[in-house]
Structure formats: C-alpha cells, structure tokens
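Below is the structure I would like to discuss, written out as structure tokens.
The values are calculated or read from the model by the stated rules, or taken from the named source; none is laboratory data. This one's a predicted model, so the numbers in the text were calculated from it and none came from an experiment. FYI the Cβ positions are ideal-geometry reconstructions off the backbone, even for glycines, and counts take in every protein chain you see.
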C-alpha cells in the first residue's frame, strides 16, 4: 500500500529529476485513476505549480476513428454475407 509519504517522495523526486517549473505544462494521457498519472501528472503539478492538461479531445477523436473503422468492417462483412447468399 502506498502511503502519503511515498506519494510525496515520488512526486518530489520526479519534479527534481525532470526539473519541473511553474511555467511548464504537461499533458495527462493515462486515466486519472492510474497511480502513475496521479503521481507524475497531478501530484507533481500540485507540488511545482505547473499546468496539467487532459487529452480528452485526442481520445474522442481516436474513438471516432475507431468507430468509423468498425462501421466499415461491419458493412463490408454484411456485404460479403449478402454476396455469398446470392451465389
């Protein structure tokens, strides 16, 4: 189990190793419930004062592309099924 001291120590070490400054901005790409995103993204931002942005727009666009591809695959499979029934 991670303690408060573990999380503060990890955030402090990370901010020192990567020289985080208040004018930096970080993009969070892992879910915020993931411990690595909490320590590296959120807690480090709270500790050093830099901005942490989420990538929801990127995820939404990727999800739209995946849905489009899945629809094309379904339409193609349905067309193949119709063609095989006719012959």
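Considering 72, 59, 86, 67, which residue is exposed (fewer than 10 other Cβ atoms within 10 Å of the Cβ) and modelled with pLDDT under 85?
Testing whether each residue is exposed (fewer than 10 other Cβ atoms within 10 Å of the Cβ) and modelled with pLDDT under 85 leaves just 86.
Of the residues in segment 1-45, how many are touching a helix residue (DSSP H, G or I) at 6+ places or on another chain (Cβ under 8 Å) and not in a loop (DSSP other than H, G, I, E, B)?
Final tally of qualifying residues: 14.
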